[in-house]
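As structure tokens, the structure follows; a few thoughts come after it.
The values are calculated or read from the model by the stated rules, or taken from the named source; none is laboratory data. Keep in mind that what you see is a predicted model, and the values were worked out from it rather than measured. Every residue, glycine among them, receives a Cβ derived from its backbone with ideal geometry; neighbour counts consider all protein chains shown.
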Amino acid sequence: MSVVDPIRDESGWAFRDVPGATPDPANGFTYLAEAYRATDPHYHGRVTVPVLWDTHAHAIVSNSDDDIMRMFETEFDAFARKPELALYPVSLRGEIDALNDAIYETIDDGVYRAGFASSQAANESTAYRVFETLDALDARLAGSRYLFGAAPVETAWRLFVTLIRFDAVYHGHFKCNLRRIVDYRAQQLTVSVSATATGSATGWARRTGSSSPDG
């Protein structure tokens, strides 16, 4: 796995041998845009992360985090150390999909819509929905170790990528500041942040702070 530098320059996401990032050992690319052009020489769209790269076809398989997560869960059992781990169990797929949609709409995408809202009223209405869902998840976790009972599912990982950035980035820069994640009662909502707050969150804060709604 390669990690791009959280700070982009005019050429976009870069592979660098610096703290918090890595070079690209698969192709020797300097910029992620090179992977997009190697896949489609006529591509002129946005260059986004993450990317799943096929080292045999020398092409991008997907740049959708949702699709990549689902591929790892359903298509890579032959390579898994613990193939018995089910993050998308058949019996819960309907419930998982419904909660995934609600979390994306109100939290994952909601923090951005709140941060880039064109008016104070729009910011407040969207930010309140963020916290309504966080409150509901907090109540759900009050009597359960995980969102769906005794075992973690993919929903937790989809939520994790927003929670780990929340207090460092969205609370201040995106004006979602009714509460911090560490203020919630449910340990499951806070452990993700507290366990790694001195690591990756620093890079996210640097990156988002350079292009936040605050400028």
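Observations, loosely collected:
- Filter result for Ile60 (among the β-branched types (Val, Ile, Thr), in contact with a strand residue (DSSP E or B) (Cβ under 7 Å, 6 or more places away or on another chain) and at pLDDT 95 or above): yes
- Test: residue in the range 141-150 that is outside any helix (DSSP H, G or I), farther than 22 Å from Met1 by Cβ and in contact with a Phe, Trp or Tyr (Cβ under 9 Å, 6 or more places away or on another chain): no
- Qualifying residue in the range 75-97 (condition: within 27 Å of Arg8 (Cβ to Cβ) and among the hydroxyl-bearing types (Ser, Thr, Tyr)): no
- Those helices (runs of 4 or more DSSP H) lying entirely in the range 18-124 with at least 1 residues of a type in the set (S, T, N, Q): 32-39, 65-75, 93-103
- Annotation: of all residues in the range 22-43 being aliphatic (A, V, I, L, M) and modelled with pLDDT of 95 or more, the one that is nearest to Val4 (Cα to Cα) is Leu32.
- Residues satisfying the stated conditions in the range 88-128, i.e. buried (at least 16 other Cβ atoms within 10 Å of the Cβ) and of a type in the set (Lys, Arg): Arg113
- Residue that is surrounded by the fewest Cβ atoms within 10 Å (Cβ to Cβ), among those in the range 68-87 that are farther than 19 Å from Arg140 by Cβ and in contact (Cβ under 8 Å) with a residue 60 or more places away in the chain: Arg70
- Residue match in the range 102-120 (condition: touching a Pro at 6+ places or on another chain (Cβ under 7 Å) and either touching a residue at least 60 places away in the same chain (Cβ under 8 Å) or closer than 30 Å to Asn177 by Cβ (or both)): yes
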